[in-house]
Amino acid sequence: MRKINSVLSGLAMIASASFVSANCDPGEIVAKLSHVTGGTTHPKVVAANNFAERVNKELNGKMCVEVYPNSTLFGDSKELEALLLGDVQLLAPSLSKFGSYTDKFGVFDLPFIFKDIDAAISFTQSKEGKNLLNDMENVGFVGLGYWMSGMKYFSANKPLILPSDAAGLKFRVQTSDVAKAMIKAMDASPQPMAFAEVYGALQTGVVDGQENTWSNIYTQKFYEVQDSTTETNHQLLAYLFMTSTEFLDSLDKQTRATFIKIADDVTMEANLAVKAAEAKNRQNILDAGGKINVLTPEQRQKWVDAMSPAWKQFEKQIGADLIKAAASH
Ligand code: LMR
């Protein structure tokens with residue numbers, strides 16, 4: 001990475017705000033890291049930037065990471081194909097976006113399977129969780145680590161206190177069959193949609209609600225176009241920090257070892273920091289005038305009862321043993 005930015009490259013950066021510059025030198029391997037989230041306080045933004053910073057320092061002269069946040073290089077619908085085509089080298093998609101490649105990741109989407117982020121982290125560190133990192137090797141995907149984002153909460157254009165309040169509403173979901181089934185179990189309609197389109201869809205009434213973490217609700221400003229968010233804690237949002245087999249295999253042994261070590265370190269740091277980031281963004285929503293509905297244990301139990309039937313429906317596809325292993329944390 002060049003130490004001094006030229007005026008010209010500085011101007012180019014301003015002209016193209018999407019590009020988080022690394023000023024790669026000729027001869028350096030350029031690894032583009034594309035993701036869909038934004039803001040400065042989002043756990044994925046922080047982890048992606050930390051990864052780039054470490055690589056650009058420790059592999060200076062060999063490899064250079066450029067980060068493209070906010071769907072500016074690739075959005076949800078294209079990024080996995082782009083990785084296989086070699087148009088991008090690093091991604092961190094939500095685990096709910098791999099339905100075209102594997103059924104097993106559905107385990108992460110089962111409602112209420114993890115009581116909190118610590119349980120999810122503990123599962124990802126277990127033998128079963130680690131095995132899933134390489135579940136899509138046959139496709140050409142390599143999992144470098146799981147980055148937690150947070151638990152998810154429902155928001156809508158009216159207060160949601162009981163699941164019956166959601167009946168008849170249209171909710172934006174990720175492209176996950178489990179998420180679709182879960183919404184249907186609430187007598188509501190799921191509408192799969194790319195992340196970059198959610199704010200506009202909520203604003204114009206194309207959908208009535210959505211489900212996400214505090215960090216996404218804050219950094220995408222969903223609270224501005226929703227009545228309130230309900231603290232349902234119903235599902236996990238986590239990412240697969242990943243590359244392609246082709247890219248990893250193209251690195252020499254030493255570079256690959258350093259690259260993997262940095263990925264491990266950044267993953268660990270990101271997961272240690274995630275709860276604080278979520279708490280901060282929850283408070284940021286309140287400070288910005290967003291409303292949060294806190295449920296009593298009895299009210300929350302009604303959400304559990306409404307959504308849990310999705311488990312049985314996906315048992316065969318995901319595998320009963322895997323579900324049991326994840327639920328045991
Ligand atoms: C979503 O589509 O709601 C999330 O997966 C976005 C993200 O990457 O956090």
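The values are calculated or read from the model by the stated rules, or taken from the named source; none is laboratory data. Note that this is a predicted model, so its numbers are computed, not measured. As a convention, Cβ positions derive from the backbone with ideal geometry for all residues, glycine included, and neighbour counts pool all protein chains shown. All accessible areas refer to the heavy atoms of the entire protein, side chains included, with ligands and DNA or RNA removed. Shrake-Rupley method; radii C 1.70, N 1.55, O 1.52, S 1.80 Å.
Gln301 to Ala273: extension gain in nm, 0.36 nm per residue of separation minus the Cα-Cα distance?
Gain in length upon complete extension: 7.2 nm.
Over the alpha-carbon set of region 139-260, work out the extent along each principal axis and list the three values in angstrom, largest first.
56, 26, 25
Do any of Lys275/Lys324; Lys221/Lys324; Lys253/Lys275; Lys78/Lys127; Lys221/Lys261; Lys127/Lys275 go past 27 Å between their Cα atoms, and which?
Exceeds cut-off: Lys221/Lys324; Lys253/Lys275; Lys78/Lys127; Lys221/Lys261.
Using a 1.4 angstrom probe with every protein chain in place, what is the largest-first accessible-area order of Tyr223, Tyr218? List each step's numbers first, then the result.
Details: Tyr223 35, Tyr218 65 Å².
Final ranking, largest accessible area leading: Tyr218, Tyr223.
From the helices alone, meaning DSSP H stretches of at least four residues, give me the mean residue ellipticity at 222 nm for the chain, per-run term -39500 (n - 2.57), in deg cm²/dmol to the nearest 500.
-12500 deg cm²/dmol
In units of 2.2 N^0.38 Å, what is the alpha-carbon radius of gyration of region 182-327?
Against the empirical 2.2 N^0.38 Å value, I get 1.31 for region 182-327.
Debye calculation, C-alpha points only, no solvent: report log10 I(q)/I(0) for region 270-329 at q = 0.16, 0.20, 0.29 Å⁻¹, in the same order as the q values.
Ignoring solvent entirely, the Cα scatterers give -0.87, -0.96, -1.03.
Over region 164-259, what percent of the accessible surface lies on carbon and sulfur atoms, probe 1.4 Å? Before the final figure, lay out each step's value.
Working: 1470 of 3360 Å².
Roughly 44 percent of what the probe reaches on region 164-259 is carbon or sulfur.
Can you tell me the dipole magnitude for the chain around its Cα centre, using point charges on the Cβ only (Lys, Arg +1; Asp, Glu -1), in Debye to the nearest 20?
With only Lys, Arg, Asp and Glu charged at Cβ, the dipole is about 300 debye.
With a 1.4 Å probe and all protein chains kept in place, how much accessible area does Lys130 have, in Å² rounded to the nearest 10?
120
How much length is gained on full extension from Glu58 to Asp25, taking 0.36 nm per residue of separation minus their Cα-Cα distance?
10.4 nm
Would you work out the Kirkwood radius for region 81-195? I mean one over the mean of 1/r across all pairs of different Cα atoms, in Å.
Evaluated on region 81-195, it is 15.8 Å.
Work out, in µm²/s and without decimals, the Stokes-Einstein translational diffusion coefficient of the chain at 10 °C, 1.306 mPa s, Rh from Kirkwood over C-alpha pairs. Intermediate values should be presented prior to the final figure.
Numbers: Rh = 20.4 Å.
Value of D from the Cα-based Kirkwood radius: 78 µm²/s.
Hey, with R₀ at 22 Å, roughly what FRET efficiency would Leu85 and Asp252 work out to, going by the Cβ-Cβ distance, to 0.05?
0.45
Hey, what's the chain come to in accessible area per residue, 1.4 Å probe, Å²?
Per residue, the chain has 43 Å² of solvent-accessible surface.
Which FRET efficiency, nearest 0.05, do Asn138 and Asp287 yield, Cβ-Cβ r, R0 41 Å?
The pair Asn138/Asp287 has a calculated efficiency of 0.30.
So, in nm, how far is label Ser308 from label Asp321 when the simple model puts each one 7 Å beyond its Cα toward the Cβ?
2.5
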